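Reviewing the structure listed below.
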Amino acid sequence: MNNEKKTLNVVGHRKVFYTISLTLIAIFVILTFVLGLNVDIQFKGGTILTYSYTGDVKTADVQKVVSDVLGQSSTVTTGENTATSQTTVKIQLSSKKGISDQAQNDLKDALQAAFPDNELELFETNDVNASNGLDFFLKCLVAVAFAAVITIIYIGFRFKKIGGISAGIFSVVALLHDLCMVYGTFVICRFDINANFMAVLLTILGYSINATIIIYDRIRENQNLLGKKMEIEELVNLSVTQTLGRSIHTTVTTVAAMAVVCIVCLIYGVSSIISFAFPLIIGMLAGVYSSNCIAPTLWVMWRRHRENNPKKSKKSKQPERKGRR
């Protein structure tokens, strides 16, 4: 009886993987223009009004009052002030110039009239400058770019024997693929582009690159053991097959924990954590996919391209010219 594990033909199906990824990215781009982005107030600027109340207040009813009085949409969330133990409702209004005192008073009177039994009172008013959010966003982009450069340099030195710089570049391509999947999750689920979005991106950067490095490490080990006995395609297929189980088991454990967080948040209505946990799940799943199906197959294609490049091969075979005496 043959118990040998069947080797997956990952490289042979690379066109299918690329087609799936490019199609999803194209869909996300189209949906961005069709549906638009829900950008948080910290990136657009505006005013945050916080009211304390008693009893039960529905956010949809508050949004209707805001729309009737101010003629604009709003984001309404409920919570609790830990210092005073008061229940609060937070109204976020996007506006470059802020909300005037008269408009705030009109809104307060309308809310008190709409909820007469809830003792609704203005607790706090904050004006948010869009430049603060933009500054935070740019710093996060710098962090992402810096992480990408460090990743390429690190993989370039550690995996020098298998063409380290090229392996590092394709690992970053796989990371960008995962970030696109996270972005698409925010677009489709209508989550706000806020600090959670940047936190998920930075988390996925560290998580996904680990799975890619494990595969590169196995490719290097198999290359040392087998030498030229295997074609590069077979070598990568074998390496991916050997590490796939470990990648899946690690991801399932983490995803299961995040799934529990999402379920608890849905039960208790904590939407702010769902917008972090659920995109993180998608990013982790995309990380397993890109680490096993995108990065190593792109690396194989690049190696074959260099081997079959007539200019490079001709240059390497050309004898050195002797100088004139």
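Key figures for this structure:
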item: Residue-averaged [θ]222 nm for the chain, counting only DSSP H segments that reach four residues, each worth -39500 (n - 2.57); result: -23500 deg cm²/dmol
item: For region 149-245, alpha-carbon Rg relative to the globular expectation (2.2 N^0.38 Å, N residues); result: 1.29
item: The chain - percent of accessible surface contributed by carbon and sulfur, probe 1.4 Å; result: 59
item: Selection from TYR18, LEU35, GLY206 lying farthest towards where the dipole of the chain points positive, charges on Cβ; result: TYR18
item: Coordinate range along principal axes, alpha carbons of region 45-177, Å, largest first; result: 74, 31, 25
item: Heavy atoms of CYS140: accessible area, 1.4 Å probe, square angstrom to 10; result: 10
item: Accessible area expressed per residue, the chain, with surrounding protein chains retained (probe 1.4 Å, Å²); result: 59
item: Longest DSSP-loop-exposure-free segment, GluC sites (Glu not before Pro), the chain, at most 14 other Cβ within 10 Å; result: 5-118
item: Residue with peak Gaussian network fluctuation, the chain [Cα springs, cutoff 10 Å], from LEU176, LEU141, LEU226; result: LEU226
item: Square roots of five times the Cα gyration tensor eigenvalues for the chain, Å; result: 53, 23, 15
item: Coil-residue trypsin sites (Lys or Arg not before Pro) of region 23-125, DSSP, other Cβ within 10 Å capped at 12; result: LYS58, LYS96, LYS97
item: Neighbourhood charge, 15 Å Cβ-Cβ cut-off, centred on MET284 and excluding it, Lys, Arg +1 and Asp, Glu -1; result: 0
item: Fraction of alpha-carbon pairs over 21 Å apart in region 206-273 - percent; result: 46
item: Flagged links, alpha-carbon separation over 25 Å, of LYS64/LYS90; LYS44/LYS64; LYS90/LYS139; LYS6/LYS228; result: LYS90/LYS139
item: Net charge contributed by nearby residues that have their C-beta within less than 15 Å of MET198 (K/R +1, D/E -1); result: -3
item: Charged-residue dipole, Cβ positions (Lys, Arg, Asp, Glu), the chain about Cα centre, Debye nearest 20; result: 3860
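The values are calculated or read from the model by the stated rules, or taken from the named source; none is laboratory data. All values derive from a computational prediction rather than experimental measurement. For neighbour counting, all protein chains shown are included, and Cβ atoms are generated from backbone atoms with ideal geometry for every residue, glycine included. With ligands, DNA and RNA removed, areas are computed over all heavy atoms of the protein, side chains included. Shrake-Rupley method; radii C 1.70, N 1.55, O 1.52, S 1.80 Å.
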